[in-house]
Amino acid sequence: MTDPESSFDREIDQYRKAAEELAEQERELRAKLDECRDGGDLLVDYQRYDSHLRQVQARQRNLAVGRSQYIADRDRLAAWGSTEDWVVAGSIVTVRYLDGHRDTFVLTERHTDSEYETVSYSSPMGQAVRKRRVGDKVSLPAGAPLVIDSIVPGFRRPASSRAEGHPEADSTAPPRIRRTVPTAAMSDEALARQRCRDKAYRDDLYRRRYDPSVRPINDYVDKLRSERRVFIPYVAPTYGGVDAQLLTLMQDPGPKTDPANADGSGMICLENVDLSAARQKFFLDEAGIRISEIVSWNAYPWPKPHPQTDRSDREAAEALRGFLMLTPNLEVVILNGTVAKRIWRVLKEIDPSCVAGISSYPTFHTSERAVNPTQKSDEYIAKVHNDLSNNYAAAARHLRST
């Protein structure tokens, strides 16, 4: 017999299954793309697999958005108390028609389910049954009345874990255990977890620098390199690339983006062996932002000059405009540090239409130098970390609401 206070969430489990299936499809398609590249002359097959991969990636993004929205709805509802005897997101509902016929379905924004048919919240049936109880009679816009015959709860949360107070004051996601932000004091531990320490991992990233999702961007990097005759790092294929919805705009290339340096990857990459990357990875993870949803770029794609001038800032802004032309799905930008904020402002002055529709969240750079304890007070360091956390979280909420 099930413990009435035991916690479960069938909907989250279904999202997990769907995500695993899509991940497997993605792996298979990437393997086929690699085979096409090795073959050299299978262009038609390559285009077909590339198209399928983009479709899978779009479904992955939609699935992530749906999961986040479900969690937000679930937690607001749970704040009121038990949701086991009325229809909410994730409920398994059986309705009975006047002729005795019954239909069973899950109320969900997912399109598939491993056991039941699905009905979306916005459909006529979804609108008719939401917030109803067993025995309630409801009517569809066209059709005979029907009765809620049974409700199986999609989730159960122990009373002790339910939020207290009014649901509007509840957070939009379950509380997360606060971890320690990586700093120079714990650099050895933080950098030990960065995957670019492994040469095989770095080599694989570099080999895949022209993967379809980042090829237009890295072709652009090649163009800028040729024009300026200076090192500019590629964008790692682990990012969402041209399909990204969120841009993290940084300052200029760090030492570990240069393959000439020890453990250098040649890439803008969250796994680079430096604390700026490790700290940014921390704040993205804390906000629940997946790397496949984002892309990163530097306000100065090349090493920034000293001093920076109006002319150099304009050149950097023009390069950023070229980058934005390749990433049409961007909805949000996180501006990390004063240089990123300034170049974004210059671009806004040069070409307002280029940044129109992209919401910006200005914050600090993730560099450990911004929180050097020998130069900054504990209060200032806490302020920096809170600002980064709040802006990354706000950007994530904006992303989920669109």
Handout entry: Hits in segment 365-383 - residues which are crowded, with 18+ Cβ neighbours inside 10 Å and under 25 Å from the mean Cα position of the chain (by Cα)
Key = H365, T366, S367, E368
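For segment 328-358, name all the residues that are touching a Leu at 6+ places or on another chain (Cβ under 8 Å) and either part of a loop (DSSP other than H, G, I, E, B) or not assigned by TED's automatic domain parsing to the domain that holds L246 (or both).
Quick first cut of segment 328-358, residues touching a Leu at 6+ places or on another chain (Cβ under 8 Å) only: 330-336, 340-341, 343-344, 347, 354-355, 358.
Within segment 328-358, L330, E331, I358 qualify.
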Exercise for the section: Kindly provide the set of residues from segment 359-402 that are part of a loop (DSSP other than H, G, I, E, B) and farther than 15 Å from D285 by Cα, ordered by number. Expected result: F364, H365, S367, N372, P373, T374, Q375, K376, S377, T402
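The values are calculated or read from the model by the stated rules, or taken from the named source; none is laboratory data. Just so it is clear, the structure is predicted and the values come from calculations on it, not from any experiment. Virtual Cβ from ideal backbone geometry, glycine too; neighbours counted across all protein chains shown.
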